[in-house]
Amino acid sequence: EAGVTQSPRYAVLQEGQAVSFWCDPISGHDTLYWYQQPRDQGPQLLVYFRDEAVIDNSQLPSDRFSAVRPKGTNSTLKIQSAKQGDTATYLCASSRDWGANYAEQFFGPGTRLTVL
Amino acid sequence: GDSVTQTEGLVTLTEGLPVMLNCTYQTIYSNPFLFWYVHYLNESPRLLLKSSTDNKRTEHQGFHATLHKSSSSFHLQKSSAQLSDSALYYCALRTGANTGKLTFGHGTILRVHP
């Protein structure tokens, strides 16, 4: 079974530039998560979807960040105008049945973003 | 809000010695679910252990942990460290079936040397 895949693996931007991250979850996983992980911190949930519907995006900075999962499979996270504070690793994860108590989240390798 | 606190920073051990990585949590939810994720260099983070009912030990790959609601803890232990255990370990909290959100601690680096 293929794991969660993400691209690109690295991105370096100047402040004000836009960037998109792409995630392909494990086949059959209905739930997809995006996390932001600043250096020396744990992952912090930004948004998650069940199929194409957003379940919770309360932690997504809505003025510059957006996330979609139009067909309930792949997903794109976009930063409209990057700031130095966005420098972090962006992790995508997927799971079956997010409502199950012990639903295991499977993580991708992440995209390491540096904003200069 | 919910939070998870782990042993700070780096833990260095000699091979063969016991491992204990601390994890405590704060939540108002009475039935939390706790997880340990392990992140090896150049790999993706993956699930190592998940909690069971209160005061029940769970084990996987030689590691074990017990959820103690009385002390809000879920410490990770292993009787004898191996070189291959060197990795970054995260403790994570899920507060119930009505959310898929995991709240992670900052992570603890375990380095095992010969």
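Please list, ordered by residue number, the strands (runs of 3 or more DSSP E) wholly in segment B:69-114 having 1 or more residues that are β-branched (Val, Ile, Thr) and within 14 Å of another protein chain (Cβ to nearest Cβ). Step through it out loud before you land on a result.
On the way: elements: B:76-78, B:87-94, B:108-113.
It comes to B:108-113.
Are any residues in segment A:66-110 open to solvent by less than 60 Å² (accessible area, probe 1.4 Å), among the β-branched types (Val, Ile, Thr) and either over 16 Å from B:Phe104 (Cβ atoms) or not in a strand (DSSP E or B) (or both), and if so, which ones?
Those that are open to solvent by less than 60 Å² (accessible area, probe 1.4 Å), among the β-branched types (Val, Ile, Thr) and either over 16 Å from B:Phe104 (Cβ atoms) or not in a strand (DSSP E or B) (or both): A:Thr76, A:Ile79, A:Thr87.
Being in contact (Cβ under 8 Å) with a residue 60 or more places away in the chain, open to solvent by 50 Å² or more (accessible area, probe 1.4 Å) and not in a loop (DSSP other than H, G, I, E, B) is the requirement here; does B:Thr24 meet it?
Numbers: in contact (Cβ under 8 Å) with a residue 60 or more places away in the chain: no; open to solvent by 50 Å² or more (accessible area, probe 1.4 Å): yes; not in a loop (DSSP other than H, G, I, E, B): yes.
No; evaluated as a whole, the condition is false for this residue.
Which count do you get for residues in segment A:45-65 that are away from every other protein chain (no Cβ under 12 Å), touching a strand residue (DSSP E or B) at 6+ places or on another chain (Cβ under 9 Å) and in a loop (DSSP other than H, G, I, E, B)?
Residues that pass the stated criteria total 5.
Would you call B:Leu48 away from chain A (no Cβ under 14 Å), closer than 24 Å to B:Leu13 by Cα, surrounded by 17 or more Cβ atoms within 10 Å (Cβ to Cβ) and within 10 Å of the chain's Cα centre (by Cα)?
Values: away from chain A (no Cβ under 14 Å): no; closer than 24 Å to B:Leu13 by Cα: yes; surrounded by 17 or more Cβ atoms within 10 Å (Cβ to Cβ): yes; within 10 Å of the chain's Cα centre (by Cα): yes.
No, not satisfied.
Regarding B:Tyr37, is this residue farther than 24 Å from A:Gln6 by Cα, surrounded by 14 or more Cβ atoms within 10 Å (Cβ to Cβ) and touching a residue at least 60 places away in the same chain (Cβ under 8 Å)? Even if it seems obvious, please write down each step before you answer.
Details: farther than 24 Å from A:Gln6 by Cα: no; surrounded by 14 or more Cβ atoms within 10 Å (Cβ to Cβ): yes; touching a residue at least 60 places away in the same chain (Cβ under 8 Å): yes.
So B:Tyr37 does not fit the description; no.
The values are calculated or read from the model by the stated rules, or taken from the named source; none is laboratory data. This one's a predicted model, so the numbers in the text were calculated from it and none came from an experiment. Cβ sites come from the backbone with ideal geometry, for glycine too, and all protein chains shown count toward neighbours. Only protein heavy atoms, including side chains, enter the accessible area calculation; ligands, DNA and RNA are left aside. Shrake-Rupley method; radii C 1.70, N 1.55, O 1.52, S 1.80 Å.
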